Amino acid sequence: MNEAGRVPETAKHPDWWLLVAALLLAGFGIIMVLSASGIMAERYYGDKYIFFKKQAVYAALGLVAMFSIYRLPRKFFYNTTYLWILGVILLLGLCALTPLGVSAGGAKRWLRLGPVSIQPLEFAKPALVLYLAYFFSRKQELVKTFSVGFLPPFFATGVLCLLLLLQPDFGGAVFLAMLLFFMCFVGGTRFIYLLLSFLFAGGAGWLLISSSPYRFKRWTAFLDPFKSAQAEGYQLVQSFYAFGSGKLFGAGLGAGRQKLFYLPEAHNDFIMAVAGEELGFIGLSAVLLVVAILLWRAFSIAYRQEDLQDRFTAFGMASILALGSVLNLAVVLGTVPPKGVPMPFVSYGGSSLIVCFVCVGFLLNLSRSAVRWRKS
């Protein structure tokens, strides 16, 4: 009991706020995928509902994954941590180094397994979180040392990032590096090690950008997209037009114009620009409020865990959703260089949507052991 006369107790039930927020975002995503892709799908595939139907199927699979993870004992995942990380290394290797990798847009980011295509990067995110949570929870007494607290997690993440760079997927490697940074920060790695690794990663990233004409052009286009509005800056300029034309109340759901072959990837990474045009400032603010509730509940679950591995796992799963949301919005608003980062639960894509539900499944599982305070 504390001084205020309150005693701790475990919740013993799932976090309903988190669940409702996730379901609302997933439902909104399915509607926006239909709105953003219908015209394009009808022209190129003869079926305006093709992406809508696929996203609905992905959502159903995600719900099954979420419910399964919620029901299974978390020890099942904790005891198989190394199998998950080795599994995603294998998938990334098959994608980058074998003919099974599907090439699109100059990169092999998808792995075709029969009739199914998956994006290994998405599954690498929760696998990396499980590994880092396992590692930091068991190495707390040595986490400040260089040989134990720094080298193993950076080596494991470095292997994943190297395989991503071979695809090449620079944005995916940056995402995993950011995930590692935040997990190390809460895990207790010395700040000087994090600072030096950040400076090294920044220098290496700049070398990769400057040595690739394509990446360098995209970087300069981000700094002044209107200077190359018909070339590298085209996508970002069209995103600005979409947000600007939405004004306060939007053009109305389904009535947007930028998705009519002006804005590339309208139903994928730039779907929030379509939402901004059709729903306006008021509607988009409501969507972002739901995102804020989702992230608030996710990090609250992490904060209220007593077991270290549970706390690190919850923090990592919440960070996947937070980083995805922040980076996607930053891209479509032109505050960071354009990279392929889907909006969690909203952007079209099976791997991304299923992994978002996987993260929520872990958080719901952990919410049952979260500590809350009640009056004595």
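Below is a table of values for the structure above.
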quantity: Some residue of region 14-33 being closer than 17 Å to Leu294 by Cα, outside any helix (DSSP H, G or I) and touching a residue at least 40 places away in the same chain (Cβ under 8 Å); calculated: yes
quantity: Selection from region 348-376 of residues that are at pLDDT below 95 and of a type in the set (A, V, I, L, M); calculated: Ala370, Val371
quantity: Odd one out for Phe299, checked against (1) part of a helix (DSSP H, G or I); (2) touching a residue at least 24 places away in the same chain (Cβ under 8 Å); calculated: (2)
quantity: Residues of region 358-369 satisfying the condition of being under 13 Å from the mean Cα position of the chain (by Cα) and surrounded by 24 or more Cβ atoms within 10 Å (Cβ to Cβ); calculated: Cys359, Val360
quantity: Failed criterion for Tyr262 (all others in (1) of a type in the set (Ser, Thr, Tyr); (2) at pLDDT 80 or above; (3) not in a loop (DSSP other than H, G, I, E, B) hold); calculated: (3)
quantity: Positions within region 96-106 being of a type outside the set (Val, Ile, Thr) and out of contact with any helix residue (DSSP H, G or I) (no Cβ under 9 Å at 6 or more places or on another chain), in sequence order; calculated: Pro99, Ser103, Ala104, Gly105
quantity: Any hit, region 243-253, residues being in contact (Cβ under 8 Å) with a residue 12 or more places away in the chain and under 14 Å from Val331 (Cα atoms); calculated: yes
quantity: Residue in region 304-322 that is surrounded by fewer than 23 Cβ atoms within 10 Å (Cβ to Cβ), in contact with an Asp or Glu (Cβ under 6 Å, 6 or more places away or on another chain) and not hydrophobic (A, V, I, L, M, F, W, C) present; calculated: no
quantity: The listed residue being assigned to a helix (DSSP H, G or I), small (Gly, Ala, Ser), surrounded by fewer than 21 Cβ atoms within 10 Å (Cβ to Cβ) and touching a residue at least 60 places away in the same chain (Cβ under 8 Å), out of Ala36, Ala65; calculated: Ala65
quantity: Total residues in region 157-167, condition surrounded by fewer than 18 Cβ atoms within 10 Å (Cβ to Cβ) and touching a residue at least 12 places away in the same chain (Cβ under 8 Å); calculated: 3
quantity: Candidate set from region 327-352 (those that are assigned to a helix (DSSP H, G or I), in contact (Cβ under 8 Å) with a residue 12 or more places away in the chain and more than 9 Å from the chain's Cα centre (by Cα)); member that is surrounded by the fewest Cβ atoms within 10 Å (Cβ to Cβ); calculated: Leu329
quantity: Residue count, region 243-258 (criterion: surrounded by 16 or more Cβ atoms within 10 Å (Cβ to Cβ) and over 23 Å from the mean Cα position of the chain (by Cα)); calculated: 6
quantity: Restricting region 118-167 to residues that are assigned to a loop (DSSP other than H, G, I, E, B) and under 20 Å from the mean Cα position of the chain (by Cα), the residue that is nearest to Gly93 (Cα to Cα); calculated: Gln167
quantity: Residues being over 30 Å from Arg311 (Cα atoms) and of a type in the set (S, T, N, Q) - total across region 174-214; calculated: 3
quantity: Condition met for Ile89 (closer than 19 Å to Cys356 by Cα and either more than 21 Å from the chain's Cα centre (by Cα) or in a helix (DSSP H, G or I) (or both)); calculated: no
quantity: Among (1) in contact (Cβ under 8 Å) with a residue 40 or more places away in the chain; (2) of a type in the set (Phe, Trp, Tyr); (3) surrounded by fewer than 17 Cβ atoms within 10 Å (Cβ to Cβ), the one test that Trp206 misses; calculated: (1)
quantity: Where Ile89 falls short, out of the listed (1) surrounded by 15 or more Cβ atoms within 10 Å (Cβ to Cβ); (2) farther than 30 Å from Leu366 by Cα; calculated: (2)
quantity: Qualifying residues in region 42-60 (those that are closer than 20 Å to Gly252 by Cβ and part of a helix (DSSP H, G or I)) - the one farthest from the chain's Cα centre (by Cα); calculated: Glu42
quantity: Residue within region 169-178 that is over 21 Å from Ala96 (Cα atoms) and part of a helix (DSSP H, G or I) present; calculated: yes
quantity: Subset of region 94-133 [crowded, with 21+ Cβ neighbours inside 10 Å and among the hydroxyl-bearing types (Ser, Thr, Tyr)]; calculated: Tyr131
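Residue-by-condition table, conditions (1) modelled with pLDDT under 95; (2) under 29 Å from Tyr131 (Cβ atoms):
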{"residue": "Trp17", "(1), (2)": "no, yes"}
{"residue": "Ser37", "(1), (2)": "yes, no"}
{"residue": "Tyr45", "(1), (2)": "yes, no"}
{"residue": "Ser68", "(1), (2)": "no, yes"}
{"residue": "Leu91", "(1), (2)": "yes, yes"}
{"residue": "Leu100", "(1), (2)": "yes, yes"}
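The values are calculated or read from the model by the stated rules, or taken from the named source; none is laboratory data. Just so it is clear, the model here is predicted, and its values are computed rather than measured. All Cβ positions, glycine included, derive from the backbone under ideal geometry; neighbour counts span all protein chains shown.
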